[in-house]
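Reviewing the structure listed below.
The values are calculated or read from the model by the stated rules, or taken from the named source; none is laboratory data. Everything numeric in this text was worked out from a predicted model, so none of it was measured. With ideal geometry, Cβ positions are generated from the backbone for all residues, glycine too; neighbour counts draw on all protein chains shown.
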Amino acid sequence: MLSNKKPEKGFQGITSPVKCSEAYALEWLDILVNFTLNPQNRYPDEISDQDEIRILDRLGEEALKIRSLVQKQMFCVQSKAEAELLIRNYHTTLTILSGQTFSNLENISPGKSNAHRIVTELLQLLEELISFIETRFSAYLSRNEYVSRTYFRLVQKECSLRLERLQSKISINSPQKDSFKIVTSKLKRFLGSNEFENSTSYKDISYKKKLIAELEKIDFNQKAAQGYTTVDRVLIYLNFNSREYINYLIEYIETRICKGETTEEKKSRLLFLYKSFNQMHKSPDTAYNKNFHSVETLINNWFSQELLYLEEHLSTITSSRKSGNDLQKNTLPLTKRHKVICLLSSDQIGLILRAADEQRILLAKSMSEVFKVIVPYLSTPAREHLSYDGMRSKSYSAEERDKRIAIETLEQIIKKIREY
């Protein structure tokens, strides 16, 4: 916990030595960061040349003292639990002080040269101390602990170089290029960020490093085995549950299924890909996005719905043959009949239809039947002919923007009904 003690006027109180036996070894740095050099106080305007020299000299002494004290305390701990608590306390406090110092630096004009130089040196010292803790005592830090700015920059540099080498290995004609492009795009966005993310944890960093390490093992010219490329197998194994990748994977599977000329062949292909997907290894408690559904959950749900649809379609064909109906004629697109234009996108319409089915507002033999009966009579300003099959599939991996627009539209309908 950071000290709330305010220093006395001037700098006499912050230049006296701090004994290693004191309970709070970072007290001097705490006062310096939160009061002496905080632009919200009046002190930065009052730093003289002599005070600057004294503070800069003291910074070097404090750095040596804290390094020595941490190692002495680690030598005296009685258990691993005590060691973890000690290191986490130091790391957390130094990280908080570093963040406040960075904020101070942004709010101190470079024209105030003495204060600006001191804060710059102080920020560097704090980052060096954090790096010392992270390097020397990493085994005692929780994976959920937030990383420091210095460590984040080192990871950016290391992983960016590894990613560049990876990209040079894959050719434009590689069968793995599409899924590889999605994952590298996400990694580059993370590694190329100019702004430090205070919420980046060691677990986040560990996932990115593991992902790159697995990609480095791949032969990018290898053809897809058992229906999926090697890149896909890595991404499924590590639960790379990016929305873009989920949508890509569904489209990839659909493309392979549609190569079947008959419904029976399509069902056979689907069952093969379904089986292959479930036979792949999945790493437990691993996720690219910890706040989103897993690849396994979403794709298995899609497979089960698609299988149900094909089975019903086969049943319909069999029934039509028996009754002498011409199924092909009945399922032709509505090219000459009047269609209702909906000012929502195909994905947004799909969300509303899916919700209406699951809430049993629309009653039919299945969700597939709901889409099959309604969608042919709809169009959007962008598309005259909508695919009920594609709309149904996309409703299982909706974008946040489409969810928001669908909700806002329904809220507008509710508001209008209340006015009646």
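From Lys72, Lys9, Lys80, which residue is modelled with pLDDT under 80 and either farther than 17 Å from Arg136 by Cβ or exposed (fewer than 12 other Cβ atoms within 10 Å of the Cβ) (or both)?
Lys9
Any idea which residue in the stretch 235-290 is farthest from Asp204 (Cα to Cα), counting only those that are among the acidic types (Asp, Glu) and assigned to a helix (DSSP H, G or I)?
Glu264
Inside the stretch 352-372, can you point out the residues that are in contact with a Leu (Cβ under 9 Å, 6 or more places away or on another chain) and assigned to a helix (DSSP H, G or I)?
The answer is Ile352, Leu353, Ala355, Ala356, Asp357, Met367, Ser368, Val370, Phe371.
When you scan the stretch 216-234, how many residues do you find that are part of a helix (DSSP H, G or I) and either at pLDDT 90 or above or of a type in the set (S, T, N, Q) (or both)?
The total comes to 5.
Exactly one of these conditions fails for Lys266: (1) touching a Gly at 6+ places or on another chain (Cβ under 6 Å); (2) surrounded by fewer than 19 Cβ atoms within 10 Å (Cβ to Cβ). Give me its number.
(2)
Starting from the stretch 273-295, keep only residues that are farther than 28 Å from Asn144 by Cβ, then list their pairs with residues that are surrounded by fewer than 13 Cβ atoms within 10 Å (Cβ to Cβ) and of a type in the set (Ser, Thr, Tyr) whose Cβ atoms are within a distance under 9 Å, requiring at least 6 positions of separation or different chains.
Final answer for the pair search is Tyr274/Ser304.
Within the stretch 368-413, how many residues turn out to be modelled with pLDDT under 85, of a type in the set (Lys, Arg) and surrounded by 17 or more Cβ atoms within 10 Å (Cβ to Cβ)?
Residues in the stretch 368-413 being modelled with pLDDT under 85, of a type in the set (Lys, Arg) and surrounded by 17 or more Cβ atoms within 10 Å (Cβ to Cβ): 1 in total.
Looking only at residues in the stretch 171-199 that are of a type in the set (S, T, N, Q) and modelled with pLDDT under 80, which one is surrounded by the most Cβ atoms within 10 Å (Cβ to Cβ)?
Ser174
Could you give me the residue pairs with C-beta distances under 7 Å whose first residue belongs to the stretch 107-118 and is closer than 16 Å to Leu56 by Cα and among the charged types (D, E, K, R), whose second residue is at pLDDT 75 or above and loosely packed, with under 13 Cβ neighbours inside 10 Å wherever it lies, and which are 6+ apart or on separate chains?
none
Out of curiosity, is Ile55 at pLDDT 85 or above and more than 39 Å from the chain's Cα centre (by Cα)?
yes
If I filter the stretch 251-270 for residues that are within 30 Å of Cys159 (Cα to Cα), among the aliphatic types (A, V, I, L, M) and out of contact with any Phe, Trp or Tyr (no Cβ under 7 Å at 6 or more places or on another chain), do I get at least one hit?
No; the residues of the stretch 251-270 include none that is within 30 Å of Cys159 (Cα to Cα), among the aliphatic types (A, V, I, L, M) and out of contact with any Phe, Trp or Tyr (no Cβ under 7 Å at 6 or more places or on another chain).
Are any of the residues in the stretch 177-188 over 28 Å from Ile246 (Cβ atoms), basic (Lys, Arg) and touching a residue at least 12 places away in the same chain (Cβ under 8 Å)?
No, every residue in the stretch 177-188 fails to be over 28 Å from Ile246 (Cβ atoms), basic (Lys, Arg) and touching a residue at least 12 places away in the same chain (Cβ under 8 Å).
Of the numbered conditions (1) buried (at least 16 other Cβ atoms within 10 Å of the Cβ); (2) of a type outside the set (Gly, Ala, Ser); (3) modelled with pLDDT under 90, Asp285 satisfies every one except a single condition; which is it?
(1)
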